[in-house]
Amino acid sequence: MPNNHNLSVIGHAQIKIDAMGKVTGETKYADDLVLPRMVYGKLLRSVYPHARIIGIDASRARALPGVFAVITGKDLPIKYGIMPSTQDEEALCVDRVRFVGDPVAAVAAIDEETAERALELIEVEYEPLAPVMNIRDALDEKFPQIHAYADHHNIHKFVALEFGDLDAGFRAAEYVREDVFFYEGDTHLAMEEHACIGHFSADGKLTLYSSTQTPHYVHRALEKALQFPRGHIRVIAAPVGGGFGGKTDPFSHEVVACKLSMLTGRPVKITLTREEVFYTHRGRHPVLMWIKSGVKRDGQITALHFKTILDGGAYGSYGIASTYYTGALQTVTYKIPTYKFEGVRVFTNKPPCGPKRGHGTPQPRFGLEVHLDKIARELNLDPAEMRRKYVVDDGTQTVNHLTITSCGLRECIDEVVKASDWKNRKSQIPNSKSQIKRGLGIACSSYLSGAGLPIYWNDLPHSGVIVKVDRGGGVAVFCGSTDIGQGSDSLLAYIAAEEFGLKPQDIKVFSADTDLTPVDLGSYSSRVTVMTGNACIQAARIVKEKILQASAEKLLVPPASLAMRDGVVICEDDENRKLSFVQAINLAEAKFGTLTGTGSYKPPKRAGPFKGSGVGPSPSYSYSACVAAVAVDTETGEVKVEKLFLAHDGGRAINPLSVIGQTEGSAYMGFGEALMEESAFRKNMHKIPSLLDYKSPTTLDTPELHAILVETIDPEGPYGAKEAGQGPLLPVPPAIANAIFDAVGVRIDEVPITPDKVLRALEEKSKGNAPRFGPKDFPVIKMPEAIKVEPPDAKHAPRLVQ
């Protein structure tokens, strides 16, 4: 554990600065906001998964009393999107719909009921087209093409990269294994539905209040879709009631609310229903995976070949990055000397997929960790010890040119092994009459602390912070980052309080307002702690230096002898020489003028020498290890996860209480994905677009959670911190799958792991067949030739042992 004795706030448990407002109901979310003369918007959505729009007749809707405006795709024809390479979305579809729920028209009315009646009066004539509803259909060229810009027919993106001599790696192997896995898609299930208010004011300026994780990118999208100057647009992110990646895109309802306000001259609120949130989606991609690896008899990996096919849904979203992420981070956990990755993303006529907690990495992590468990069992190796032996080292580079600054994974493995009593686990007695069988499984993972490059490549800072201190003693921090419940506002307060010797409650934080705050790229990819935190330290220390300099002149001591703590500036050599914080800042303002400091942060430039190297680099990587304890009912196939032991290396814990909360939240979400959550479709429609039908764990389902913090001090992080919001989810699903095998000797090579799949695997086992349930094969796809990349300097990269 790091030494926190010299830190008064950082490293100590703190209450979040917004906690009381949230638990008392004082916090106002986007749907709580009410503006004078406000009207309500609603979207008409397609009932077809794939169709041409022949015509739209909105005359009856426009004639309905109480309706202020009706718009269609011709009013908003400019395409937009989150990534510059996939500007393929229309706020309202112009000539084609691509999934059930695609918006085609919108209404602004005096109230929601009138708006809903108006939608019923809009007549849309469609020409249905054959829908593409799964990966295999998307690869079949007899189905119509969904987007003309795709790499090939309905293949949105090809990726093929090879690092080192893969053939030599397999020749050096003493054991080679191939497996196929499938990870079903699922959704974010945030408590708060999407909501926004567009307000075109009398001065010709446009303001959007929205439940968004990325106000900066929404700002850009509004400029393009509305053809309105960005300097006259203000985006304010309201407090977000859960995001998990589901509110990181610019959305049609945001563009539509602004357009309707511009037409009506009134504020327009649009709040999506829960069903609409399922259609808006951007959730976890369904991914089919093929893995081939070669290892030595002691488990050392000599070669890894990894293939993925992602079901991207109807639009691009973050999909190109998602595709790369299914391959980029495999090398960051264990030493892999040769590696080939082939990824494909396909378009289908389903709600578009995007980033969900762990963006693109839980799926391949599930496949790899179950694959490694099979290898360990086959070679009669301890699965925990095999992993521990070949963990990456600090200060090294991976074969695909990613830099490891610090890695506490060995300690994480040691902690969960100890906590779960792993080494004393006993196998089930084969002839036991009990129908309940218990087992333990282990898995590990890594994740990035923010992406090393922005979505729009440029040399601008990724995060900016302004700190202002006023003569009354008030400290205000301004930053564009969005608090989505993870505590980023509190992080800024903790850092400012630490630097100025105050309490977090003494700090005011103003965030996520494009008019008032400097740019921050948003709350995604676990980037805020490292990037915003470093910017805040820089800004605070500029002001702090001025305060200490002015105080030193007053106290007749060197500035280096002064410290700020407990609301005073004090000389550590003579504690009788001190000033109150207010006295000190008045002296500083008299000497320097208004006290402000600006800070900004850009990650180190670490992209590799190849196309596609922009996905994967990060200032640092977090690490997690999980042991799952399960009980399997062999009569019903029901799996009960009794305990999850989850250790996480997130660097120094800025607030240990919050990091434990993030770790437990990740464990809960991973548990749900492993056993029950799925975005299932039947007859071309979402089968379960409601909280009543979509299965997600309740508090009664949730297992006993044991979160363990492993604190390395990372050189890139603020006070040594790394990410904690997403990485701990990754090892949970494979740990559960591996524990099921330990309990009953069957492999479930896909998620969710439902009772029927367990029973079918047990039935196959009883017949003497392969004790497995999962995908049977991986489609043959004609891939482009892989880009061959030389590994980095051998001194810093993993070596191939012959």
Collect the residues in the stretch 579-609 that are of a type in the set (Phe, Trp, Tyr) and open to solvent by less than 30 Å² (accessible area, probe 1.4 Å), keeping them in residue-number order. Phe581, Tyr601
The stretch 149-187, residues that are assigned to a loop (DSSP other than H, G, I, E, B), more than 25 Å from Gly360 (Cβ to Cβ) and of a type outside the set (D, E, K, R): Ala172, Ala173
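Matching residues to (1) open to solvent by less than 10 Å² (accessible area, probe 1.4 Å); (2) of a type outside the set (Asp, Glu):
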| position | (1), (2) |
| --- | --- |
| Ile336 | yes, yes |
| Lys340 | no, yes |
| Phe347 | yes, yes |
| Asn380 | no, yes |
| Asp393 | no, no |
Under the condition of being surrounded by 17 or more Cβ atoms within 10 Å (Cβ to Cβ) and not basic (Lys, Arg), which residue from the stretch 569-578 is farthest from Ala497 (Cα to Cα)? Cys571
Go through the stretch 300-314 and report how many residues are of a type outside the set (A, V, I, L, M, F, W, C) and either open to solvent by 10 Å² or more (accessible area, probe 1.4 Å) or part of a helix (DSSP H, G or I) (or both). 3
Test each condition in (1) outside any loop (DSSP other than H, G, I, E, B); (2) out of contact with any strand residue (DSSP E or B) (no Cβ under 7 Å at 6 or more places or on another chain); (3) open to solvent by 30 Å² or more (accessible area, probe 1.4 Å); (4) not polar (S, T, N, Q) for Tyr217 and report the one that comes out false. (3)
Report whether or not Tyr209 is under 27 Å from Asp31 (Cβ atoms), assigned to a helix (DSSP H, G or I) and outside the structural domain of His305 (by TED's automatic domain parsing). no
Among the listed residues Phe182, Phe170, identify the single one that is out of contact with any Lys or Arg (no Cβ under 6 Å at 6 or more places or on another chain), at pLDDT 95 or above, farther than 29 Å from Thr348 by Cα and open to solvent by 20 Å² or more (accessible area, probe 1.4 Å). Phe170
Pull up the stretch 702-715, narrow it to residues that are in a loop (DSSP other than H, G, I, E, B) and in contact with a Gly (Cβ under 8 Å, 6 or more places away or on another chain), then point me to the one that is most open to solvent (accessible area, probe 1.4 Å). Ile713
Within the stretch 742-757, residues part of a loop (DSSP other than H, G, I, E, B), open to solvent by less than 10 Å² (accessible area, probe 1.4 Å) and within 14 Å of Lys374 (Cα to Cα) come out as Val746, Asp749
At least 2 residues that are open to solvent by 10 Å² or more (accessible area, probe 1.4 Å) in each: list the strands (runs of 3 or more DSSP E) lying fully within the stretch 39-121 that qualify. 39-45, 51-57, 67-72
In the stretch 135-148, what residues are under 17 Å from Arg345 (Cβ atoms) and either open to solvent by 10 Å² or more (accessible area, probe 1.4 Å) or part of a loop (DSSP other than H, G, I, E, B) (or both)? Ile135, Arg136, Asp137, Leu139, Asp140, Glu141, Phe143, Gln145, Ile146, His147, Ala148
(1) in contact (Cβ under 8 Å) with a residue 40 or more places away in the chain; (2) buried (at least 24 other Cβ atoms within 10 Å of the Cβ); (3) under 22 Å from Ala674 (Cβ atoms): which one isn't true of Ser322, the others all being true? (1)
Among the numbered criteria (1) surrounded by fewer than 24 Cβ atoms within 10 Å (Cβ to Cβ); (2) in contact with a His (Cβ under 6 Å, 6 or more places away or on another chain); (3) among the β-branched types (Val, Ile, Thr), which single criterion is violated by Ile270? (1)
Criterion (out of contact with any Phe, Trp or Tyr (no Cβ under 8 Å at 6 or more places or on another chain) and farther than 24 Å from Glu711 by Cα) met by exactly one of Asn380, Asn400: Asn380
Out of all the residues in the stretch 234-268, which are farther than 28 Å from Cys353 by Cα and under 27 Å from the mean Cα position of the chain (by Cα)? none
Looking only at the stretch 768-785, how many residues end up being exposed (fewer than 14 other Cβ atoms within 10 Å of the Cβ) and either free of Cβ contacts under 8 Å to residues at least 24 places away in the same chain or under 14 Å from Val370 (Cβ atoms) (or both)? 5
In the stretch 507-547, the residues that are open to solvent by 10 Å² or more (accessible area, probe 1.4 Å), touching a helix residue (DSSP H, G or I) at 6+ places or on another chain (Cβ under 9 Å) and in a helix (DSSP H, G or I): Val528, Thr529, Asn534, Ile537, Arg541, Lys544, Glu545, Lys546
Scanning the stretch 431-472 for residues that are open to solvent by 10 Å² or more (accessible area, probe 1.4 Å), within 24 Å of the chain's Cα centre (by Cα) and hydrophobic (A, V, I, L, M, F, W, C), the one modelled with the lowest pLDDT turns out to be Trp457
Taking the stretch 220-277 and keeping residues of a type in the set (Ser, Thr, Tyr), out of contact with any helix residue (DSSP H, G or I) (no Cβ under 9 Å at 6 or more places or on another chain) and either not in a helix (DSSP H, G or I) or not assigned by TED's automatic domain parsing to the domain that holds Phe200 (or both) leaves Thr273
Given (1) crowded, with 21+ Cβ neighbours inside 10 Å; (2) in contact (Cβ under 8 Å) with a residue 60 or more places away in the chain, index of the condition Ala550 fails: (2)
Output the number of the condition that Ala30 fails; it satisfies all remaining conditions of (1) among the small types (Gly, Ala, Ser); (2) within 31 Å of the chain's Cα centre (by Cα); (3) open to solvent by 30 Å² or more (accessible area, probe 1.4 Å). (3)
Inspect the stretch 353-368 for any residue being open to solvent by 10 Å² or more (accessible area, probe 1.4 Å), among the aliphatic types (A, V, I, L, M) and touching a residue at least 12 places away in the same chain (Cβ under 8 Å) and give the result as yes or no. no
Scanning the stretch 608-638 for residues that are more than 30 Å from Arg652 (Cβ to Cβ) and in a loop (DSSP other than H, G, I, E, B) gives Pro609, Phe610, Lys611, Gly612, Thr634, Glu635, Thr636, Gly637, Glu638
So, in the stretch 446-465, exactly how many residues are over 17 Å from Tyr324 (Cα atoms) and polar (S, T, N, Q)? 2
The condition of being in the same structural domain as Lys643 (by TED's automatic domain parsing), more than 31 Å from the chain's Cα centre (by Cα), buried (at least 22 other Cβ atoms within 10 Å of the Cβ) and touching a residue at least 12 places away in the same chain (Cβ under 8 Å) holds, among Ala735, Ala721, Ala739, Ala761, only for Ala761
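The values are calculated or read from the model by the stated rules, or taken from the named source; none is laboratory data. No experiment lies behind these values; they were computed from the predicted model shown. Cβ coordinates were reconstructed from backbone atoms using ideal geometry, including for glycine residues, and neighbour counts include every protein chain displayed. SASA here: full protein model, heavy atoms, side chains in, ligands and nucleic acids out. Shrake-Rupley method; radii C 1.70, N 1.55, O 1.52, S 1.80 Å.
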